[in-house]
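The values are calculated or read from the model by the stated rules, or taken from the named source; none is laboratory data. Source: prediction; values computed, not measured. So basically every Cβ, Gly included, is an ideal-geometry build from the backbone, and we count neighbours across all protein chains shown.
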């Protein structure tokens, strides 16, 4: 069964009419590939990948899950790597990554799926949430080293509501201002925390007020929208209670 995100992306990619035959450009295809890049943590990566290859299937769809005893034997960092690179449940998407027209010129309402056709199981999301501080520390270490925030990292940041990472996200974005999904991530953190100035904004109304259209909603990427998102996210962060 197609996920809602995959269905909407499929329809958007093939919704051109005879009167408007425009197709995604090379730049759009390149950006689609760029925004779906995952980060592969280095902690026990080779060991983890070998374990995934031998993990047994647990359903007819081909989902593979490490047995509980083996999973429990992993160090915390190895579990972090395993969960970041492998989803223990599966749902079919449409073929491959589908670019949309002018994808690189848009700030989308939502993020791409973190692991393609794989999805995190309850055991895996529990790991991220129950080890919040360690997960944030390991992602921070990785982002500072690579100056990239993979799509899997972005989705985990939303999952665990890692608002403390906002300054790092902004500084990482400002290195080349290429990854517009970091701007999406900042808006999702404001949305999920119901930050009043964002909830009353035109951006919220356009992107999130109608839940059924969120997968296809976007803002045009331009300097004004970029600056507004960053300023709102900065104000939101500055108003948060700070940990001791």
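If I ask for residues that are out of contact with any helix residue (DSSP H, G or I) (no Cβ under 9 Å at 6 or more places or on another chain), over 23 Å from residue 136 (Cβ atoms) and outside any helix (DSSP H, G or I), which ones from the stretch 177-208 would you list?
Our first condition is that a residue be out of contact with any helix residue (DSSP H, G or I) (no Cβ under 9 Å at 6 or more places or on another chain); within the stretch 177-208, this holds for 194, 196, 200, 202, 205-206.
Checking the rest, the ones that are also over 23 Å from residue 136 (Cβ atoms) come to 196, 200, 202, 205-206.
200 - this is the single residue of the stretch 177-208 that is out of contact with any helix residue (DSSP H, G or I) (no Cβ under 9 Å at 6 or more places or on another chain), over 23 Å from residue 136 (Cβ atoms) and outside any helix (DSSP H, G or I).
Among the residues here, residue 78 does not qualify as more than 20 Å from residue 32 (Cβ to Cβ) and exposed (fewer than 14 other Cβ atoms within 10 Å of the Cβ).
Selection of the stretch 67-97 for residues being touching a helix residue (DSSP H, G or I) at 6+ places or on another chain (Cβ under 7 Å), modelled with pLDDT under 95 and over 25 Å from residue 186 (Cβ atoms) yields 88, 93, 94.
Against the list (1) over 19 Å from residue 111 (Cα atoms); (2) modelled with pLDDT under 95; (3) buried (at least 18 other Cβ atoms within 10 Å of the Cβ), the condition residue 236 fails is (2). Would you confirm whether or not the stretch 52-59 contains a residue that is buried (at least 19 other Cβ atoms within 10 Å of the Cβ) and part of a helix (DSSP H, G or I)? Taking every residue of the stretch 52-59 in turn, none turns out to be buried (at least 19 other Cβ atoms within 10 Å of the Cβ) and part of a helix (DSSP H, G or I). Scanning the stretch 114-133 for residues that are over 19 Å from residue 38 (Cα atoms) and either surrounded by 14 or more Cβ atoms within 10 Å (Cβ to Cβ) or in contact (Cβ under 8 Å) with a residue 24 or more places away in the chain (or both) yields a count of 4.
Of everything listed in (1) exposed (fewer than 14 other Cβ atoms within 10 Å of the Cβ); (2) without any contact (Cβ under 8 Å) to a residue 24 or more places away in the chain; (3) farther than 17 Å from residue 85 by Cβ, the single unmet condition for residue 206 is (1).
Exactly one residue out of 107, 98, 170 is touching a residue at least 40 places away in the same chain (Cβ under 8 Å) and in contact with a strand residue (DSSP E or B) (Cβ under 6 Å, 6 or more places away or on another chain): that is 107. Given the criteria in contact with a strand residue (DSSP E or B) (Cβ under 9 Å, 6 or more places away or on another chain) and either touching a residue at least 40 places away in the same chain (Cβ under 8 Å) or within 21 Å of residue 239 (Cβ to Cβ) (or both), does residue 146 qualify? No, not satisfied.
Among the residues of this structure, residue 168 counts as one that is within 17 Å of the chain's Cα centre (by Cα), farther than 12 Å from residue 111 by Cα and either at pLDDT below 95 or surrounded by 13 or more Cβ atoms within 10 Å (Cβ to Cβ) (or both).
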